[in-house]
Amino acid sequence: MSFIFCDADTKQIIDIVEDRRLSSLQAYFKRYTEEARSRVKHIVIDMYAPYISLIKELFPHAKIILDKFHLVQHISRAFTYRSVYCFKQPMREIDILNFLLDLSPELKSTYDLYQDLLFALQTKNLDRFNHLLEVEHPLISPELQTAFQTFKMYQSYIKNTLTTPYTNGPIEGINNKIKVIKRIAFGYRSFYHFKFRILMIQNLTKPKRKILAD
């Protein structure tokens, strides 16, 4: 799987690396001088531990920002749903929700915390988010408890998420375009050709043209 990174301000691709393994990325970024790497101020990533190790090693002054979409996705996957039988009478969605929450204290506590975390992330309310991490939540589900502990471990990075304007939105848009390029071509056997096609579509390079003599 390849690795792509772009400028957070201009939204333009900087480069595409064929291999995203930590050893390959270390070798790639070490080609930049230490002075150049030390000038990087912010790096937005998903919750992928090797990237954090890479940044700490090679970009000592960069603030690590966890993409907000992936944080929301993390707690959403941890929220568990329970299947129920159909109700005999028509009911509003809010009534069904309240009925289900009343069935289980664990489900209600899990749902309430999920909504609180979601609201804090969406509104970038750092104080509210930190308060939720400090309070004990003994009744929540094991799945959300695991996600909760992960948030505690990455608390300093999430602070950067909520106090800076940067997200992985631009790179996700580029990734979607790359998927279309790959699908239209029915795949590429050569990574070099694939990379060149992406850069050409993004107007970052131009194909060489032969000049024919009259």
All conditions in (1) more than 18 Å from Thr150 (Cβ to Cβ); (2) surrounded by 13 or more Cβ atoms within 10 Å (Cβ to Cβ); (3) modelled with pLDDT under 90 are true of Arg92 except (2)
For Phe59, the lone unmet condition from (1) modelled with pLDDT of 90 or more; (2) surrounded by fewer than 17 Cβ atoms within 10 Å (Cβ to Cβ) is (2)
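How about segment 49-145: which helices (runs of 4 or more DSSP H) wholly inside it have at least 1 residues that are in contact with a Leu (Cβ under 7 Å, 6 or more places away or on another chain) and among the charged types (D, E, K, R)?
Here the list reads 68-78, 105-122.
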Q | Lys68 being modelled with pLDDT of 95 or more, farther than 18 Å from Val17 by Cβ, surrounded by 13 or more Cβ atoms within 10 Å (Cβ to Cβ) and of a type outside the set (A, V, I, L, M, F, W, C) | A | no
Does Asn160 count as surrounded by fewer than 15 Cβ atoms within 10 Å (Cβ to Cβ) and not β-branched (Val, Ile, Thr)?
no
Scanning segment 120-157 residue by residue, the ones that are aliphatic (A, V, I, L, M), surrounded by fewer than 19 Cβ atoms within 10 Å (Cβ to Cβ) and touching a residue at least 12 places away in the same chain (Cβ under 8 Å) total 4
Picking from Ile55, Ile171, the residue that is in contact (Cβ under 8 Å) with a residue 60 or more places away in the chain, in the same structural domain as Lys41 (by TED's automatic domain parsing) and within 30 Å of Arg37 (Cβ to Cβ) would be Ile171
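The values are calculated or read from the model by the stated rules, or taken from the named source; none is laboratory data. Treat the numbers as computed from the prediction; the structure is a model and nothing was measured. Cβ: placed from backbone, ideal geometry, glycine included. Neighbour counts: every protein chain shown.
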